[in-house]
Amino acid sequence: MNQINRDTVAGPPTTSLRRALRILGDPWTMLILKEAFNGERRFSGFQKKLNIPKQTLSLRLTHLCHEQMMYRRQVSPTHTTLEYALTAKAFDLQDAMYSIWLWHEANPSDVSVLPFEIVHRSCGQRLSARYCCMHCRDEITSGSVSVEHTHPLQFDPRDRLARRNDAAVTAAGDGGADNMVAASLVGDIVCNEILYMLFRSPSHLGAIADGLDLGMSVARGRLEKLRLLGLVEERSEGRKLTYSVLPKAEKFYPLLMSISDWGDRWCNGGQPPPEVRVHSCGELVHGRFCCDHCGGWISRENVYVRPRQGDGEEEGIS
Ligand SMILES: [Zn+2]
Ligand SMILES: [Zn+2]
C-alpha cells in the first residue's frame, strides 16, 4: 500500500481530482469498474460484456489489482477458477458510479449502456437522486461550492506525458462524440480537468492551457469535444475565445465532486489534501446522493440492481 501511495503523491501538489484520475483516468478502467459494480467477476465475463481485447483487459485488471481496487480470489474452496473481487477502496467509489448511472439516465444515447437499473430499497423506486451535502442536506451544485488550494498549483511532468496519449482515450469511447458514454468521459483526464476548472469560472483558451499545463492544441481539441457533447459553450469576446459550462454539464458535477472526495480519502498517502472544497453552509463538502422519492440517503447497502424493465417508461425520469 505504502509503495503505491508514495507513487501517487510523489509529484508536487496537484488537485484531488488529478490524483484520483491517475488511477481511474482511463476509459477502459472505468468501464471495467462499472461492470464489476454491476456484479461481474470473471475475466471471460468482462471480455464478453465490454468486447475488449484480451490483452487490454488483462493489463487493466492487473492495474486495478496493483492499485488495490480489485483482488484475485478463488471462486470457492473447491473451485480453482479465479475471479476479480472489488476492494473497499473500489466500493468507496459508489457515488461516482451512481453519478455515471444518473448521467446516462438523463442523457440516453443510442448505445444501450444501461441494461440494468438501480432501485432504492427503502422506497422501492428506481434511482432518481440529487447529490446533497451531508451537513445541511442542500444540493451540492457548482454554484454552491468554493475550492481553495492549500498549496500553489504545480504540475508533475509525468502528467503531461500521460495526457498526450489521447489515442487511448478515444479508442474506448466507441469513436465519435455521439456515442461517448460518461464512463469514458471520466476516463479522459483532460476533459475532466477542463470541466472542473470551468465550473469555477469561465475562461479563455490561453488561460485554460496555462492553468492546466496543456499544449494549446490539446486544450483546443478537448474543448471542441466538450462543445460537441453540449457541455461547454464557446463565445468570442474581442479577439479571445471564452469557454463556459452549459446547464447540461451540471449533471456531471457530482461525479467530479465524488471522485475528488474519493481522491482525498485514498490517494493522499496521509498528506493533507491539495485543496479544500467548501459548501455554501460553511462546511467541507461531504456529499451523498439523496433519493428524490423518499428523501433517504443512497448507499450500497440500500440499493439493488435489476435488469431494466419496460422499455416504454425509459424516458420517464427527468
Ligand atoms: Zn452544506
Ligand atoms: Zn428512496
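No value in this document is a laboratory result; all are computed from the given coordinates. Here the structure is a predicted model, which is why all the values come from computation and not from measurement. In this analysis, Cβ positions are derived from the backbone assuming ideal geometry, glycine residues included, and neighbour counts consider all displayed protein chains.
Search the structure for amide H atoms under 5 Å from the amide H of HIS204, placed 1.01 Å from N in the peptide plane, and list their residues when 5 or more places away or on another chain.
Result for HIS204 returns TYR243.
Points 7 angstrom from Cα along the Cβ direction at ARG227 and THR150: gap in nanometres?
With each label placed 7 Å out from Cα toward Cβ, I get 3.8 nm.
What's the FRET efficiency of ARG42 with VAL276 using the Cβ-Cβ distance as r and R₀ = 41 Å, to the nearest 0.05?
0.50
Determine the alpha carbon to alpha carbon distance for each of LYS34/LYS251; LYS34/LYS248; LYS34/LYS89; LYS48/LYS251; LYS49/LYS89; LYS89/LYS248 and list only those over 25 Å.
As for pairs spanning more than 25 Å Cα to Cα, those are LYS48/LYS251; LYS89/LYS248.
Nearest 0.05, what FRET efficiency do ARG300 and LYS54 give at R0 = 41 Å with Cβ-Cβ as r?
Here the calculated transfer efficiency is 0.85.
Mind listing the phi-derived Karplus ³J(HN,Hα) values for segment 128-139, rounded to whole Hz, using 6.51, -1.76 and 1.60 with θ = phi - 60°, and x for any glycine or proline?
8, 8, 10, 8, 10, 6, 6, 8, 9, 6, 6, 5
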